[in-house]
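Nothing in this text is a laboratory measurement; each read-out follows from the coordinates by a stated rule. Not measured: the values here are computed from a predicted model. Methodologically, a virtual Cβ is constructed for each residue, glycine included, from the backbone with ideal geometry; neighbour enumeration extends over all protein chains shown.
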Amino acid sequence: MARPKTRYVCQACGAVTPRWAGRCESCGEWNTITEHAAPQPVSGARGKGLPKGRRLKLVALAGEDEAPPRIHTAIAELDRAVGGGFVPGSAILIGGDPGIGKSTLLLQALAGMARAGKRCVYVSGEEAIAQIRLRARRLGVDESPVLLAAETNIADIISTLSEGERPDVVVMDSIQTLWSSVIESAPGTVSQLRAGTEALIRFAKKSGAVVLLVGHVTKEGQIAGPRVVEHMVDTVLYFEGDRGHQYRILRAVKNRFGPTDEIGVFEMAGSGLIEVENPSMLFMGDQEEQSAGSAVFAGMEGARPLMVEVQALAAPSALGTPRRAVVGWDSARLAMVMAVLETHGGVRIGGHDIYLNIAGGLRVREPAADLAAAAALVSSMSGAPLPPKTAIFGEIALSGVIRPSAQTRQRIREARKLGFERIITAPGAKGRGVREVAHVADLIALIAAGPARIAAE
């Protein structure tokens with residue numbers, strides 16, 4: 001009898017190696033590689049083919065299928081993040097740091113859908129029923145007809161959900177606690193995580209119920225477990241925010257039924273998460289008294305325009321290698337902007353410690369923030385503040401040329417709606433109060449001339 005083949009799988013990242021090692025070469029974690037039986041090949045060793053399957057019916061690409069109505073959660077910011085509501089039969093994965101508010105948000109959403117007549121089930125693998133009821137009482141949703149269960153065995157969970165009346169929405173908190181008796185590994189391992197997720201997604205597609213999966217995150221901020229889990233689900237949401245701030249941001253990074261990079265903004269209060277209708281006011285400082293090193297960036301998060309304050313501080317360094325600290329922006333992007341300012345603008349940054357911060361705990365990902373970051377840096381280096389009620393956006397090329405950004409009209413419209421009188425951006429954006437800069441040298445000269453000249457123009 002042939003000896004069964006085995007392989008070694010990292011329980012942290014899912015990487016497969018032919019032999020055991022103490023440290024995973026993919027993620028760098030120690031003592032996470034375990035032995036598993038290799039999957040059987042789809043054809044026999046002697047060249048036997050697959051068994052004959054049933055013939056599938058092929059249909060034309062053109063056709064009209066009535067889309068099922070979306071399920072609204074009664075939380076407008078959550079509906080915005082997922083594209084207008086939950087699609088029946090979809091699987092949604094939500095991740096975030098411990099204590100960021102994932103369970104609170106989902107419990108509030110379930111309560112709102114249950115009051116609207118939907119059958120909602122909350123399955124917890126980490127908390128007891130009494131603990132969930134205590135949180136619901138604190139949130140003021142304990143009278144909502146939400147059904148509860150505390151279980152981690154995936155077979156029992158699927159059996160319970162399949163019998164009787166079909167649920168409309170199911171929350172599984174969290175997928176790292178699921179386990180199956182047919183898999184010989186501990187809960188939270190790659191095999192258990194994949195098997196539990198597959199079973200819940202199969203139930204969602206077959207029954208038409210919306211399945212919400214809560215996932216833990218690693219120290220790098222990624223959802224724990226193999227990335228294949230994110231590929232399996234229809235939507236991936238990240239709940240972001242600093243626990244020192246009261247604001248939380250729900251960001252869609254994958255959505256098969258709507259746009260990606262949409263965000264919902266919430267404020268954490270004693271009674272739960274409260275929607276923020278005008279998030280731009282959260283990320284801006286006092287615009288009446290502008291200080292040196294501060295610039296307001298007119299950004300876009302999905303289809304939503306946001307006004308964000310970019311803060312920069314340049315201090316003479318006593319170290320041989322000056323320090324670069326960035327919060328809320330890409331550090332590689334900052335290094336590029338500093339190199340362009342020094343090479344094409346003549347700004348001597350090399351001997352200074354540079355600190356850059358995005359106000360409010362937001363993380364900016366678009367390159368249109370280059371010009372705002374450069375303006376904040378030049379303002380801090382020169383000590384000349386920008387005039388109040390001035391918004392900036394634009395992408396900086398390596399040659400120092402300012403490139404136009406997408407959705408310019410929406411950015412300018414949002415800035416004017418919030419009372420901004422001047423816009424500094426790339427050439428091509430016409431309108432009242434718009435100041436065009438074609439090169440970083442033009443931006444430096446404009447800031448060096450002082451706020452009075454910018455305001456006069």
Percent of all alpha-carbon pairs of the range 327-395 at distances over 14 Å, whole number, is 61
Mean-position separation - Cα centroids, the range 282-337 and the range 366-417, in angstrom: 11
Return the FRET efficiency for the residue pair residue 163, residue 206: r is the Cβ-Cβ distance, R0 is 22 Å, and the value is rounded to the nearest 0.05. 0.95
Cα lying deepest toward the dipole's positive end in the chain, options 72, 437, 36, charges on Cβ: 36
Can you give the calculated 222 nm mean residue ellipticity of the chain, where each DSSP H run of n ≥ 4 adds -39,500 (n - 2.57) and the sum is split over every residue, rounded to the nearest 500 deg cm²/dmol? -7500 deg cm²/dmol
Point-to-point label distance, residue 327-residue 142, nm (Cα→Cβ direction, 7 Å offset): 3.7
Size of charge dipole - the range 281-456 - debye, nearest 20, with Cβ of Lys, Arg +1 and Asp, Glu -1, no other charges: 440
How charged is the neighbourhood of residue 420? Take every other residue with its Cβ under 9 Å from the Cβ of residue 420, and add Lys/Arg as +1 and Asp/Glu as -1. +2
So for the range 307-457: antiparallel DSSP bridges make up what percent, rounded to the nearest 5? 50
For the pair residue 398 and residue 441, the simple spin-label estimate (label points 7 Å beyond Cα toward Cβ) gives in nm 2.0
Extension gain (nm, one decimal) between residue 348 and residue 365, 0.36 nm per residue minus Cα-Cα: 3.5 nm
Number of Lys pairs (Cα under 27 Å; 8 or more positions apart or on different chains) in the chain: 21
Sparse-neighbour loop sites [GluC sites (Glu not before Pro); the range 258-362; at most 11 other C-beta within 10 Å; DSSP]: 277, 288, 289
Potential extension, residue 156-residue 26 segment - 0.36 nm per residue separation minus Cα distance: 43.3 nm
May I ask for the net charge around residue 399, where only other residues with Cβ less than 15 Å from the Cβ of residue 399 are counted and Lys, Arg are +1 while Asp, Glu are -1? -3
Distance in nm between pseudo-label sites at residue 246 and residue 130 (7 Å out along the Cβ direction from Cα): 3.2
Under the rule that a partner needs its Cβ under 4.7 Å from the first Cβ, which Cys of the chain have none? 120
Which of the following values of semi-axes √(5λ) of the Cα gyration tensor in Å was calculated from the structure shown: (1) 36, 24, 20; (2) 47, 28, 22; (3) 34, 29, 22? (2)
Exposed-loop cut sites defined as trypsin sites (Lys or Arg not before Pro) in DSSP loop states with at most 11 other Cβ within 10 angstrom; longest site-free run of the chain spans 58-218
